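To keep things clear, I will list the structure first and then write my remarks on it.
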Amino acid sequence: MNPEDERLLLAPVERGSRGLRLGLVASALAAGVLCACWGYQIAHDLGVAGINRPVFWGVYITNFVFWIGISHAGTLISAILRLTGAEWRRPVTRCAEAITVFALAVGGLFPLIHLGRPWLFYWLLPLPNARGLWPNFRSPLLWDVTAIGTYFLGSSLYLFLPAIPDLAALRDRATGWRRRVYTWCALGWRGTPRQWHALENGIRVMAVLILPVAVSVHTIVSWDFAMSLQPMWHSTIFGPYFVAGAIYSGIAILVAVMAALRRGLGLGRYISETVFDNLGLLFLTMALVWAYFTFAEHLTVWYGNEPAEMAVFWERVSGRYAPAFWTMVVLNFAVPMLVLPFRRGRRPGPASLVAVGVLLGMWLERFLIIIPSLANPRLAYTVGRYVPSGVEWGITFGAFGLFVFLYHLFLRCVPAVSLWEMRAGAAAESDTSLAPEPAREGVR
Amino acid sequence: MRRRRFLQNSAAAAAAAMLHACARDEVAFIEQAVARSPHGPGESVWRGSVCQQCPAGCGVRVRLVDGDAKKLEGHPAHPVNRGGLCALGQAAVQELYHPDRLRGPWRLSRGQPSGAEPLDWEVALEELAQRLARAARSSPQGVWIGCGSVSWPAQYLWRRLAAALGLPPPVRLRSVEWEVEREAARRLFGLEDWPYFDLERADLVLSFGAPYLERWRSPVHYARALAEQRQEPRSRRGRSIHVEARLSATAAAVDRWIPVRPGGEGWLARAIARELLALGRASERAAAHYRRWFPGPDPPPESLATRCGVPQEAIAELARELAESERPLVLAGGPMAAQRHGLFHVAAALALNVLLGNLGREGGVLRPRRFDLERNLPPAPPLATLAAGLQRLRGQAPQAIVICDADPVHMLPPASGVEQALHGASFVAVMAQFLDDTALLADLCLPLHAPLERFDIVEPEAALHTAAIGVGAPLVEPLGATRHPGDIALALARALEVGEALAWPSVGALVEQVLQDLHRRTAPGGTGDFWSFYEDVLDRGGLWEERPALDGLEAAAPREPIPEPKLDRDASREPSLLLAFETHVRTAEGRGLHLPWIQQLPDLLSTVMWDSWIEMARADARRIGVRTGDRVRVSVEGQAAFEAFVVESPAAAPGVLALPLGGGQRDYGRWARERGVNPLRWLGAGEVEGVGLPAWGPVRARVEAAGPGRAALFGRGLRAPEDRPLRR
Amino acid sequence: MTRWAMAIDLDRCTGCEACVVACHAENNIRLVGPEEAARGRAIHWLRIERYYEGEYPDVRVRFVPVLCQHCGAAPCEPVCPVYATYHTDEGLNAMVYNRCVGTRYCANNCPYSVRFFNWHAAPWPDPLQRQLNPDVAARPAGVMEKCTFCVQRIQRARQQAADEGRELRDGEVQPACAESCPTRAIVFGDLDDPDSRVARLSRSGRARRLLEELGTHPAVFYLARGARESSGEP
Ligand SMILES: Nc1nc2c(c(=O)[nH]1)N[C@H]1C(S)=C(S)[C@@H](COP(=O)(O)OP(=O)(O)OC[C@H]3O[C@@H](n4cnc5c(=O)[nH]c(N)nc54)[C@H](O)[C@@H]3O)O[C@H]1N2
Ligand SMILES: Nc1nc2c(c(=O)[nH]1)N[C@H]1C(S)=C(S)[C@@H](COP(=O)(O)OP(=O)(O)OC[C@H]3O[C@@H](n4cnc5c(=O)[nH]c(N)nc54)[C@H](O)[C@@H]3O)O[C@H]1N2
Ligand code: SF4
Ligand code: SF4
Ligand code: SF4
Ligand code: SF4
Ligand code: SF4
């Protein structure tokens, strides 16, 4: 790490760039689409969406599951990598953890967007009230609220803790109001050994704690479905299946975001091809795990041949939703299998293309889990159909805008790559006499 | 009235003084709530009345709260409906509060939207009186009055008025098939009425086309009868079989459906008769009657089987079942009766009853029982039959046409000539609750009270084996400046100076007089106080005999043979046959489709809401590349006709298209306006042989795809899950 | 205790749908126009399901009136995050419209698809609102609704019995659908009273329940078509 590196990594924060400003404005506009559509929906009732009976849940819940899934990139991966001491994690962790926080923020909006009376959302929170009315903790939706709330708090903390030294560095370089803000954020960080010790401990504890929370979050999201009696929702493997899918889509967005940062911010030096190669192998692994679950899920249903489930099954593989289903199979399985096993396929260009495909595929997967089941209820008389409305598409699009907007804001505030962690990594590498001891530094 | 005024005034004064800042609406609401109800605010009151949504005459109980009608229930003791109500009857209270009800007289300009002008009643009645007087002076034949009201006072007073003015009697406006069924009853049983079918006590019911569980004569009555036939304490569960070209809701609800070739119904009946005669099931007298109704040589069995499209063995089996049954019963009618050979189909089927010897017997065909309401009233000639009325319409274009409470433009095929006559007449007055297809063509439109706003007596048009009438009184304040059609007749009589012939001050007085007469007759020696009797009848909503009677019925001596169809080769090159059918809420009359509850009611079989649809076989649909919900263009006999949604049905015969009746009104309020298709516009074909009415029935047609559509279907699934083939 | 239940005799039902309109008239069910109906937003707390068996010309049709089954173990209840849908002491699955926030989870978890959502505010063009039943709340946009077993009629009958100082009699409570049914196919009553008509019918050999295998313990019994004497019915 030399001063030039430092200048380069701090440039987006301290000086910004035309590209960043442009991105900020464009994504703000896109996020504006979400606000406009949601406002319209509140003014004109939920009926402006395409959901109906029996398809009571549509792309809003698809987006909810998708974004909560996406959020598993960061924290989970960074925590695993930190705990296993993988050296190549250093340039990855910060931007990954940020994905988690922002994806959760976006995903968490959707249950509100989807409410019939969103202004009463606080009835889902256990707030003390004169009437003594509490929410129903037997409802998986309450588990959701609890798990996602915990995860959001935890992952925000987990993003914040390792950022403290960098925030302090920014404080030291900034002037004016920025300095005041960074001062406040840096919590009086001076870099004393005691502080370092406390930080390391804190990060280590958080890494351990956040893992079960992350696993529980998507397990519980899956239970929104699995706890019900709907054909092809009521499945015991939904927990691990959803977690695997979440990690899979999480890695996909991580790959895509890192490739974008590499190009957009010129961070190729730090986010190297080695990083992509390693991440690509993880990506490939998750593709296989996801494919295994998907195959197992469909095989058992098909072999069991229960009429209500088969109605959903055929709808997916050969009925109205077959185009979406086979697109998903191609994007989530065929393409990764053809590209990722090869070193050249794991380079930033091809890997990020695969990743974008997997993101689309995983969105389709969520859609395919939710809609065909609802469209084929047990009493076949009521079979339904569902075409999302313009408002729903607008909100779906706007959610991506909001995510990108939040991420851009983040890049303008905190360096995308952790300065001190890169520094620590470089020190460990150059000081060969200390080489056998990286493990001692552990989580740093 | 005075009390109401007083309350209104005092409430308004109080409101003005004290509730200055209060919203006007709320004050008005409170005033009304207090003023409208003679009972405590919010208290429920139940009163009797009679349903007038169709001619069946079910007895109802009305729930009133704060002066508004809230809900109708069937009267449990009324012999027509025994507590039940049909979907249309349930919806009657929505008609009462329909926002598009006519609330005052209008001068219209023959379907032109411009030039409509509200009138005062005085002006409207004055004009009507003058026009009638002028037309009657030039030629009594120049006045044509049509009456479709199910209200007896309306019919009686208009008949009386016509007689007093020296005009021809008003014409009974009912659909073609009703009239054909009546002609068949006249020829076979010598009845100037519809016979009663004692379905409840029959053990095998064979119906030809008659949609007796959908609408037909009295859907609530016959549905209940079928239920009892199956379930009540009987030694054996009765069985029911339905013969029809299409799987109707009746066909679906009975035990067995026998599909026939459209137009083959009568031939199936002839084939069964042949078997019955061969089995020796018929008495000699009956056989002789039969031979004179159907003197032609019996076609050979194979030929009969081809004509009706039912295999020979199935016919023989059916005949055996009938012959072995203790109490067999055959009913016939419905849209089948409106075909060119409708009389043949109905008569051939009903004649089976004669062969089976069930006339005047329990579980057989019975003579209907009625109270003679007019016994002690000034006489009035009966309504003219539709056939006679249309005859007169064609002969000499009338100068003035008056239509009372019916929509003949909608319910009769264009060949009836009603629409042309309306266009040709120099003056048309229509009494209606809504701007229907006929009212649209009027010069003068007089708005009618809804049934719950007026005094009335309703006789079940097709009477039962129990005499019954329904009696209604004004239970709610009229929504607008509307009147009873009978009161209009009374006002006209006074204006035309024939007041002494119609000397009642109001319909209510006529009702009272009839009840007085009935009181004397039904309570021998005039026992009991009339006023308590009167209150009691009004409270119950009618008067009826407590138990059914078994009135004898004999086959009428045949005077002329029933005309049999000739076997003409079908020369048309159009690939499909288009036919029209009744549903629970859709009849040729189209009544009820102005109500959202009825429009949104999913059709039982197709589950379509809010529109007409074309039902067709899946293979036929695939051939032209459409699926359920898509739109198709239909051409009839080579002429472009209409567009509609397609509904594929596993029960549809290949090559047969079916379209529900009703629908296609030009106005009829916001919920019916330009909605669906009126099949009668396209299905008219010649005359009903032997009846002289314009026929309608299956026609040759062609369908082609007209793009995707957004049909409102409530249930898209056709098969129960365990029934679903592994792969669809 | 009282446990409300219903028996529907499929051998009597002719599929006339009078019950469907009666339910609308009684329960202030909102008007859904043709466009919204085409989008799957029609509301019918009670519907007559129609299933075909076979193909032309050998076709049979089955009708099943389906309403909320007031399940003894109702899958819709535990999933509601705010207790807007819950079980009453008398076995009704009740809805508290004011409490509902509109997650629609309950509807997804009802195996009978009998729950309906208010996608829009209800229009009552004047003077149609004068028909509204004062005993039944009109629902705002954004909440769930469904058959209540005409709970307002249960209350009314109970009040009347109390006013007259007596117990509720069997058959005294008639939901709107049952009261309108031309064929008397619907019987309503207290299952805990072994002599009530509904209890006797529930013990008939013809009695089945819909999707019983899911363990929902429905309170609606369907009597199969066929003769009653062979089923040991009283
Ligand atoms: N805008 C508006 N204002 C109104 C009215 C209106 O219609 N509109 N209505 C008016 C009328 S009619 C009324 S009655 C008042 C009602 O006004 P309040 O009397 O304020 O009624 P609640 O809001 O029900 O509050 C009663 C409190 O008692 C508590 N509580 C419940 N059970 C018990 C108990 O057993 N013991 C004790 N100690 N506390 C208990 C509850 O938790 C709650 O905090 O409001 C009046 N104010
Ligand atoms: N869910 C729920 N239920 C409750 C309560 C609660 O807090 N929550 N509170 C309970 C209590 S304490 C009470 S007092 C009751 C109140 O219950 P209600 O008496 O039903 O109270 P409101 O709804 O305030 O008023 C009833 C109607 O009276 C009309 N009105 C207003 N002014 C006048 C007038 O001068 N004359 C007439 N004729 N009508 C008028 C109003 O427009 C309104 O439609 O509710 C009880 N029920
Ligand atoms: S059958 Fe006719 S009279 Fe009886 S309820 Fe129905 S519409 Fe009214
Ligand atoms: S039928 Fe559906 S809505 Fe009714 S109680 Fe059962 S699960 Fe709940
Ligand atoms: S829609 Fe309403 S009743 Fe249903 S689960 Fe959600 S909050 Fe509960
Ligand atoms: S019980 Fe009442 S609410 Fe339920 S379907 Fe029948 S009429 Fe409707
Ligand atoms: S009213 Fe009775 S007969 Fe008619 S559909 Fe309903 S349950 Fe069946």
Only one of B:A588, B:A557 is more than 18 Å from B:W696 (Cβ to Cβ), among the aliphatic types (A, V, I, L, M) and modelled with pLDDT of 85 or more; which? B:A557
Output for region C:146-162, where each listed residue is within 14 Å of another protein chain (Cβ to nearest Cβ) and more than 10 Å from ligand 6 (Cβ to nearest atom): C:Q155, C:R156, C:A157, C:Q159, C:Q160
Can you say whether C:A141 is of a type outside the set (V, I, T), closer than 20 Å to A:R117 by Cβ and touching a Phe, Trp or Tyr at 6+ places or on another chain (Cβ under 9 Å), as far as the supplied structure shows? yes
Considering region C:106-120 alone, what residues qualify as being in a loop (DSSP other than H, G, I, E, B) and either modelled with pLDDT under 95 or within 16 Å of ligand 6 (Cβ to nearest atom) (or both)? C:C110, C:Y112, C:S113, C:V114, C:R115, C:N118
Of all residues in region B:219-258, count the ones that are under 22 Å from B:Q90 (Cβ atoms) and buried (at least 22 other Cβ atoms within 10 Å of the Cβ). 14
Do we find that C:V143 is out of contact with any Cys (no Cβ under 6 Å at 6 or more places or on another chain), at the interface with chain A (Cβ under 8 Å from one of its Cβ atoms), free of Cβ contacts under 8 Å to residues at least 60 places away in the same chain and of a type in the set (A, V, I, L, M, F, W, C) in this structure? no
Looking only at region B:54-66, filter to residues that are out of contact with any Leu (no Cβ under 9 Å at 6 or more places or on another chain) and more than 9 Å from every other protein chain (Cβ to nearest Cβ); which one of those is nearest to ligand 3 (Cβ to nearest atom)? B:A56
Which pairs have Cβ atoms under 6 Å, sit 6 or more apart or on different chains, and link a residue in region B:70-87 that is in contact (Cβ under 8 Å) with a residue 60 or more places away in the chain and more than 9 Å from chain C (Cβ to nearest Cβ) to one that is in a loop (DSSP other than H, G, I, E, B) and surrounded by fewer than 24 Cβ atoms within 10 Å (Cβ to Cβ)? B:P79/B:T466
Selection within region C:57-112 - under 21 Å from C:P175 (Cβ atoms), surrounded by fewer than 20 Cβ atoms within 10 Å (Cβ to Cβ) and away from ligand 2 (no atom under 16 Å from the Cβ): C:V64, C:G72, C:H87, C:T88, C:D89, C:E90
Within region C:178-189, is even one residue within 16 Å of ligand 4 (Cβ to nearest atom) and charged (D, E, K, R)? no
Every residue in region A:84-94 that is surrounded by fewer than 16 Cβ atoms within 10 Å (Cβ to Cβ) and either among the acidic types (D, E) or within 15 Å of A:L161 (Cβ to Cβ) (or both), please. A:E87
If the requirement is being touching a strand residue (DSSP E or B) at 6+ places or on another chain (Cβ under 6 Å), crowded, with 18+ Cβ neighbours inside 10 Å and more than 24 Å from B:S175 (Cα to Cα), which of these qualifies: B:L683, B:L718? B:L718
Those residues of region C:18-43 which are away from chain A (no Cβ under 14 Å) and under 22 Å from B:A252 (Cα atoms) amount to C:A18, C:C19, C:V21
Filter region B:621-645 for residues that are touching a residue at least 60 places away in the same chain (Cβ under 8 Å) and outside any loop (DSSP other than H, G, I, E, B) and give the result. B:R631, B:V632, B:R633, B:V634, B:S635, B:V636, B:A641, B:E643, B:F645
Let me confirm something: among B:A135, B:A116, which residue is of a type in the set (A, V, I, L, M), closer than 18 Å to B:V430 by Cβ and part of a helix (DSSP H, G or I)? B:A135
Do we have any residue at all in region B:529-536 that's over 26 Å from the mean Cα position of the chain (by Cα) and crowded, with 16+ Cβ neighbours inside 10 Å? yes
So which residues in region A:131-155 are more than 7 Å from chain C (Cβ to nearest Cβ), assigned to a loop (DSSP other than H, G, I, E, B) and within 16 Å of ligand 5 (Cβ to nearest atom)? A:L133, A:W134, A:F137
Listed residues B:A706, B:A652; which is touching a strand residue (DSSP E or B) at 6+ places or on another chain (Cβ under 9 Å) and either surrounded by 24 or more Cβ atoms within 10 Å (Cβ to Cβ) or within 14 Å of chain A (Cβ to nearest Cβ) (or both)? B:A652
Find the residue count for region B:692-717, including only residues that are closer than 23 Å to B:G264 by Cα and among the aliphatic types (A, V, I, L, M). 4
Could you figure out which of (1) within 19 Å of A:S216 (Cβ to Cβ); (2) touching a Pro at 6+ places or on another chain (Cβ under 9 Å) isn't true of A:G85? (1)
May I ask you to verify whether C:L46 is touching a residue at least 40 places away in the same chain (Cβ under 8 Å), more than 7 Å from every other protein chain (Cβ to nearest Cβ) and within 16 Å of ligand 4 (Cβ to nearest atom)? yes
Would you mind telling me which numbered condition in (1) within 16 Å of ligand 5 (Cβ to nearest atom); (2) within 9 Å of chain A (Cβ to nearest Cβ) C:V96 fails? (2)
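Can you work out which of the residues in region C:191-224 that are in a strand (DSSP E or B) and more than 11 Å from chain B (Cβ to nearest Cβ) is nearest to ligand 2 (Cβ to nearest atom)?
C:V220
Please go through region A:81-97 and give me each residue that is in a loop (DSSP other than H, G, I, E, B) and either closer than 19 Å to A:A246 by Cα or under 20 Å from the mean Cα position of the chain (by Cα) (or both), ordered by number.
Passing the criteria: A:R90, A:P91, A:V92.
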By residue number, the members of region A:89-130 that are away from every other protein chain (no Cβ under 14 Å) and of a type in the set (S, T, Y) are A:T93, A:T100
For C:Q160, state whether it is away from ligand 5 (no atom under 16 Å from the Cβ) and within 15 Å of C:W4 (Cα to Cα). no
Give the residue that is nearest to ligand 5 (Cβ to nearest atom), with candidates limited to residues of region C:163-190 that are within 14 Å of another protein chain (Cβ to nearest Cβ) and on the phi > 0 side of the Ramachandran plot. C:G171
Residue, nearest to A:V255 (Cα to Cα), within region A:352-381, restricted to residues that are out of contact with any Asp or Glu (no Cβ under 7 Å at 6 or more places or on another chain) and not in a helix (DSSP H, G or I): A:P377
Given the criterion assigned to a loop (DSSP other than H, G, I, E, B), crowded, with 19+ Cβ neighbours inside 10 Å and more than 14 Å from chain C (Cβ to nearest Cβ), identify the matching residue among A:W189, A:W233. A:W189
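The values are calculated or read from the model by the stated rules, or taken from the named source; none is laboratory data. Since the structure is predicted, the reported quantities are computational estimates derived from the model, not experimental observations. So basically every Cβ, Gly included, is an ideal-geometry build from the backbone, and we count neighbours across all protein chains shown.
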